[in-house]
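Since every read-out is calculated from the coordinates, none of them should be taken as a lab result. A quick note: this is a predicted structure, and the numbers were derived from the prediction, not measured. All Cβ positions, glycine included, derive from the backbone under ideal geometry; neighbour counts span all protein chains shown.
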Amino acid sequence: MLSFFLKAKLHHLTITSAELHYQGSLTLDADFMDEVGMRQYEKILVANLENGNRFETYAIAGERGSKVCCLNGATAHKGAVGDRVIVFTFCMLDDKEIEGHKPRIAVFGPGNEIIRSSQI
């Protein structure tokens, strides 16, 4: 049997921009994605800490070193520049994989600087 588990999390990331007239997704600095093993076009769940909105979309890799977290398309209605969000990805594991599984977490501070990164 397969069960869903947390794969990775970007915690307290700050929204840097919003592009309403875009096809949709969340653009993230490619370095952020690499830090936790997130993939281009991977399904993500985003929780906005400022307004409580939660939504699903997919990740698009942005320019490395840009510190970008951009709401695109309809997601631009779910937050505002300066809002802090948590970005989650999940995976399916079988019973043998569960015991050794450890999600990868990156915690962000001001300016979208990674202040801590670990596996929990």
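So what is the relative contact order for the chain, in percent, with contacts set as C-alpha pairs under 8 Å and at least six apart? Intermediate values should be presented prior to the final figure.
On the way: 296 pairs, mean separation 49.3, N = 120.
Reported relative contact order: 41 percent.
Quick one: net charge of residue 73's neighbours, Cβ under 14 Å, K/R +1, D/E -1? Provide the component values of the computation, followed by the final result.
Values: positive: 78; negative: 19, 56.
Summing Lys and Arg as +1 and Asp and Glu as -1 gives -1.
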With only Lys, Arg, Asp and Glu charged, each at its Cβ (+1 for the first two, -1 for the last two), find how big the charge dipole of the chain is about the Cα centre; round to the nearest 20 debye.
140 debye
Least to most buried among 34, 95, 83, 29, by other C-beta atoms within 10 Å and fewest first, runs 95, 34, 83, 29
Could you tell me how many cubic angstrom of Cα convex hull volume the stretch 2-120 has per residue?
95 Å³
Around residue 38, with a cut-off of 12 angstrom between Cβ atoms, what is the net charge of the other residues, counting Lys and Arg +1 and Asp and Glu -1?
0
Identify all lysines with a Cα-Cα distance to residue 67 below 28 Å; exclude those on the same chain that are fewer than 8 residues away in sequence.
7, 9, 43, 78, 102
